[in-house]
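As structure tokens, the structure follows; a few thoughts come after it.
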Amino acid sequence: MSSGYFPPNLLPGPGRVLAVFLDVALGRTGEAGIYSGTLATHTLASLWRVYAGFLVGIGLGIFLGLLMGLFLWAERALNLSIQVLRNIPITAWRPLAIIFFGLADRPAIFLIALGAFFPSVMNTIHGVKGTDRIVVKAGLMMGMNQEQLLRLIVLPSALPAIFTGVRLSMGISWMLVILGYLLLDANYAFRTDVVIAMMLNIGIAGYLSDRLLLLLRHSLLGWTRGVSIGG
């Protein structure tokens with residue numbers, strides 16, 4: 001079944017896409033040709049790239065975000081560079097990533113980490129700077145030192161914004177992944193049915209990752225459930 005307006009090899013219908021998706025996943029019918037039964041391998045490879053890049057990106061983003069939110073000297077030193085770099089499309093970094101990291105997983109992990117970094121750093125800065133100054137002053141009046149202020153006041157106040165940044169970073173990480181290079185290879189082979197099936201798989205994987213983050217958020221920050229985004 002085609003779309004009715006385009007040849008089925010250019011824009012296959014939902015039935016064809018579903019059949020190909022099931023064959024890529026289970027490898028029973030041969031509908032997907034050379035891609036039959038390869039979904040698990042490519043998905044595991046993509047999970048590794050996504051989560052490796054995601055963890056590196058949010059780790060660095062949260063660290064620098066805390067630093068810039070807490071210390072004026074750090075904000076002055078780093079803010080201009082971050083504001084300029086975050087406007088550059090991530091795909092524009094691909095040639096440099098290949099030059100510096102080669103053709104294996106490392107350039108993909110670098111690009112995903114870069115994409116995950118900016119939402120995390122910006123939301124962390126916003127969360128830290130949004131801490132209620134009256135509460136901070138109250139903590140100082142109670143004799144809290146800087147470590148106690150950070151642990152008991154600043155971080156709890158900033159965590160909702162930090163988790164929002166982490167959630168955005170996860171979405172961007174899945175937007176940047178190529179599913180084990182299967183999607184790209186299928187595109188070159190004009191297998192539009194496989195391409196659409198793998199787009200669907202990326203969407204499902206990204207959705208499940210987002211649900212896991214929401215479960216983590218609700219378990220840690222149940223008291224902020226009313227201010228979540230889309231959860």
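The values are calculated or read from the model by the stated rules, or taken from the named source; none is laboratory data. None of these values were measured; they are calculated from a predicted model. With ideal geometry, Cβ positions are generated from the backbone for all residues, glycine too; neighbour counts draw on all protein chains shown.
A quick yes/no check of all residues on (1) modelled with pLDDT of 95 or more; (2) β-branched (Val, Ile, Thr); (3) touching a strand residue (DSSP E or B) at 6+ places or on another chain (Cβ under 7 Å); (4) over 30 Å from Gly203 (Cα atoms):
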{"site": "Ala45", "(1), (2), (3), (4)": "no, no, no, no"}
{"site": "Glu75", "(1), (2), (3), (4)": "no, no, no, yes"}
{"site": "Gly102", "(1), (2), (3), (4)": "no, no, no, no"}
{"site": "Arg106", "(1), (2), (3), (4)": "no, no, no, no"}
{"site": "Phe117", "(1), (2), (3), (4)": "yes, no, no, no"}
{"site": "Val136", "(1), (2), (3), (4)": "no, yes, no, yes"}
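Of all residues in the range 39-52, which are polar (S, T, N, Q) and either free of Cβ contacts under 8 Å to residues at least 60 places away in the same chain or surrounded by 18 or more Cβ atoms within 10 Å (Cβ to Cβ) (or both)?
Thr43, Ser46
I'd like to check something: does the range 10-25 contain any residue that is at positive phi and part of a helix (DSSP H, G or I)?
no
Under 9 Å by Cβ, and 6 or more places apart or on different chains, what pairs join a residue from the range 70-91 that is closer than 15 Å to His126 by Cβ with one that is surrounded by 11 or more Cβ atoms within 10 Å (Cβ to Cβ) and among the aromatic types (Phe, Trp, Tyr)?
That search, which allows pairs on different chains as well, returns Ile82/Phe117; Ile82/Phe118; Arg86/Phe117; Arg86/Phe118.
Go through the range 183-200 residue by residue and tally those that are acidic (Asp, Glu) and either within 17 Å of Thr41 (Cβ to Cβ) or at pLDDT below 80 (or both). So that I can check it myself, show each step before the final result.
Just the residues of the range 183-200 that are acidic (Asp, Glu), to begin with: 185, 193.
Subsequent filtering for residues that are either within 17 Å of Thr41 (Cβ to Cβ) or at pLDDT below 80 (or both) retains 185.
Looking only at that region, the number is 1.
So Val136 clears everything in (1) touching a residue at least 60 places away in the same chain (Cβ under 8 Å); (2) more than 14 Å from the chain's Cα centre (by Cα) except one condition, right? Which one?
The single condition Val136 does not satisfy is (1).
Search the range 96-126 for residues being β-branched (Val, Ile, Thr) and within 15 Å of Ala161 (Cα to Cα), and hand back the single one that is farthest from the chain's Cα centre (by Cα).
Ile125
Please specify each residue of the range 118-168 satisfying the condition of being in contact with a Gly (Cβ under 6 Å, 6 or more places away or on another chain) and of a type in the set (Ser, Thr, Tyr).
Filtering the range 118-168 for residues in contact with a Gly (Cβ under 6 Å, 6 or more places away or on another chain) gives 119-121, 123-125, 128-129, 149, 153, 158, 161-162.
Within the range 118-168, Ser120, Thr124 meet the criteria.
Contact list please: Cβ distance under 9 Å, first residue in the range 195-215 and part of a helix (DSSP H, G or I), second residue exposed (fewer than 13 other Cβ atoms within 10 Å of the Cβ) and modelled with pLDDT of 95 or more, pairs at least six apart or on different chains.
As it stands, the answer is none, since no pair meets every condition given.
Could you check Asp193 against (1) more than 27 Å from Val24 (Cα to Cα); (2) over 16 Å from the mean Cα position of the chain (by Cα) and say which number it fails?
That leaves (1) as the condition not met.
Would you list the helices (runs of 4 or more DSSP H) that sit entirely within the range 130-185 and hold 2 or more residues that are within 22 Å of Gly57 (Cβ to Cβ) and not aromatic (Phe, Trp, Tyr)?
Working: elements: 133-141, 146-149, 155-176.
It comes to 155-176.
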